[in-house]
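To start, the structure itself, in C-alpha cells.
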Amino acid sequence: MTQASICTIGDEILIGQIVDTNSSHISQSLNTLGIRVTRMLSIGDEHDVIVDSLTGELEKNDIVIVTGGLGPTKDDITKDALARLSGTSKFKTDERQLEIIHRILSARGLDVLDINIAQASVPDTCDVIPNRLGTAPVMVFRFPEERFGHKATLYSLPGVPFEALGALPDILEDIRKHNSISDIHHQTIMTFGIAESALAKLIEGWEDSLPADMHLAYLPNQLTGVRLRLSIYGGIKEEEEARIKAEFDKLGPVLGDYLYSDHDDTLQECVGRLLAGSGKTLSAAESCTGGLISSLMTSIPGSSEYYLGSVTSYANSVKTNVLGVDEDIIARHGAVSSECVAAMAEGVRRLTGSDYSVATSGIAGPGGGSAEKPVGLVWIGVSSAKGTETFSMIFKGDRKRNIERFAANALNKLRVILVNEVTH
C-alpha cells in the first residue's frame, strides 16, 4: 500500500503561535484516495534539520507532503533546503507562476517587487504545479528508486491554509497519475453518553471477534461523543463496505441509546433530522452554556425550518423577567437546580411557541462551586407538551470543556427524548 508522511515547516507551529490545520485536511484527502498516512512531523526553520528530517521521511514513505516555509521573506529557507535535498544549486523561473504573481499583486494594487518575483524561482530538479491562489508555487520532486530504495515523491506546498487546500486537488490528481493506489474502506458510527473506556468494555466481545483485516479506531470528542471507525485496506469497494456494515449492524442491540448515527455525524445534525422529519420545532434557554446550543443548532444549513430561537438567560433577572421563572424558585432552590431549569424550559417554549425546548443551568468554573453544588454540575431540562424532564450531571474539566460538555449532553438528552416520542 502506498504510504505518505505529512510535514510542516516553521518555528511558528513548534512554539504554538499557529495551529496546524493543513495536516488534518491533507490526511483526510489522502485516506480517501487510498493512501495510508504513517506520520505527521513538524520541523523548525533550520536548513540542516529540514534536509535531514525530509531525507528520513522519504526513506520510509512513497510520498512526502510538506507545507510551509515558502514565503517571500529571508526566514523562509525551505526552497534552498529542497534544492540541496534534490542535489542541485541551480534555479529556474516558472513563467506560469510568475504570471499569476503579477496578476494577484496587480489586482491588489501592489507593486511587484524583486522578492515577489523570486517566488517564481524554483530548483531546476522539480516539476511545478502553479498555485492559482497565491504567489508560491507547488514544487514536486521525484526521486528515483536508487536514491531511497524505492521511488519517492515530495510535494512542497505553501503554508497558508487557503492556498494549500486550494492546491490539494491538483496534487491528488498528480498522485493518482504516478502511483498505484489501493482503496482504503472506512465506515463510522457515532455514540454518545458513554466514556471511551466503558464503551471499549461494553463492546469487547464484538471487537475481539472482528476479522483480522478489519481495524477499529476509537475517536472521542466532547461535542460529538466517541466515533467508532472500522477500516479495511485493499479489496473491492462494494464487498468490503458490505462486510463493514454487517459487523456494525451487530452493534445496534449492544449499544442501544448510546448509538445515534450510522455515519459520520453530529448531535445537532441528528436532532435536526428528527425535528425536520416530524415537523416539530425547538427553542433553547441557556444559562451556563451561554448560547452554545443555539450556535450548534444554527450551524446546520436549513435549521430555520425547525429552530425558532433562544434566550441566553445568564443573569437571574433574565430568568425571572423574560422566561417567567418564579423568584421563589431561585430563592429556595437556586438557579442551578431541577426546579429552575424546568421553569426555564417551560418559559422559553411558552415564549417562542416551540414544540420542544431545552434549558441549561450549571457551574462551569473555575469558581462558584460549593460542597452541595460543585464546579462541573449542570442541570438540563427538556420540555414538550408531554411534560418536562430534568437531568443532572457532574463533569471535571476546565471552563471551556465543561461548557462544551454541558451543551453536548443537553442535545443528547433532547435526542433520546425525540427518538422515543417522534419515532414511535
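Read-outs throughout are calculated quantities, based only on the coordinates presented, and are distinct from any laboratory measurement. The structure presented is a predicted model; accordingly, all values stated were derived computationally and were not measured. Note: ideal-geometry Cβ built from the backbone for every residue, glycine included; neighbour counts use all protein chains shown.
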Cα extents of the chain per principal axis, largest first, Å, are 81, 57, 42
Of every Cα-Cα pair in the stretch 368-424, the percentage lying beyond 13 Å is 63
Just to confirm the filter: which GluC sites (Glu not before Pro) across the stretch 122-197 are DSSP coil and have at most 13 other Cβ within 10 angstrom of their Cβ? none
Computed from every Cα-Cα pair in the stretch 321-410, P(r) in 5 Å bins starting at 0 and rounded to whole percents is 3, 16, 24, 23, 19, 11, 4, 0
Starting from the Kirkwood radius over alpha-carbon pairs of the stretch 192-261, derive D by Stokes-Einstein at 4 °C in a medium of 1.567 mPa s and give it in µm² s⁻¹. 100
Could you please rank TRP379, TRP206, placing first whichever residue has the fewest other Cβ atoms within 10 Å of its Cβ? TRP206, TRP379
Find the centroid of the Cα atoms in the stretch 1-69 and in the stretch 139-153, then give the distance between the two in whole Å. 16
Could you tell me which trypsin sites (Lys or Arg not before Pro) in the stretch 301-402 are loop residues by DSSP with no more than 15 other beta carbons within 10 angstrom of their beta carbon? LYS386, LYS396
Running a GNM on the chain with Cα contacts under 10 Å, which residue among GLU241, GLU346, GLU204 ends up with the highest mean-square fluctuation? GLU204
Could you give the size of the charge dipole of the chain about its Cα centre, using +1 on the Cβ of each K and R and -1 on the Cβ of each D and E, expressed in debye and rounded to the nearest 20? 820
Report the normalised scattering of the stretch 144-206 as log10 I(q)/I(0) at q = 0.20, 0.21 Å⁻¹, calculated by the Debye formula with identical scatterers on the alpha carbons. -0.88, -0.93
Per the helix-only model, the chain has a calculated mean residue ellipticity at 222 nm (DSSP H runs of ≥4, -39500 (n - 2.57) each, divided over all residues, rounded to the nearest 500) of -12000 deg cm²/dmol
Which of the pairs LYS319/LYS386; LYS319/LYS373; LYS319/LYS396; LYS79/LYS177; LYS201/LYS237; LYS373/LYS400 have their Cα atoms more than 28 Å apart in this structure? LYS201/LYS237
Ordered by number, the trypsin sites (Lys or Arg not before Pro) in the stretch 24-84 that occupy a DSSP loop and have at most 15 other Cβ atoms within 10 Å are LYS74
Run through every distinct alpha carbon pair of the stretch 1-103 and return the Kirkwood hydrodynamic radius in angstroms, one decimal place. 14.9
Which residues' amide hydrogens lie under 5 Å from the amide hydrogen of SER261, considering only partners 5 or more residues apart or on another chain, with H built in the peptide plane? MET190
Could you tell me how many cubic angstrom of Cα convex hull volume the stretch 267-422 has per residue? 94
Projected onto the charge dipole of the chain (unit charges on the beta-carbon of Lys, Arg, Asp and Glu, signs +1, +1, -1, -1), the Cα from TYR260, SER361, SER27 with the largest positive-side position is that of SER361
Area projected by the alpha carbon convex hull of the stretch 3-178, averaged over all directions, nm²: 9.6
Which distance in nm do the two modelled labels at LYS400 and ARG176 give, with both placed 7 Å along the Cα-to-Cβ direction? 3.8
Kyte-Doolittle mean at least 0.5 and Cα axial length at least 15 Å: DSSP H helices in the chain: 267-278
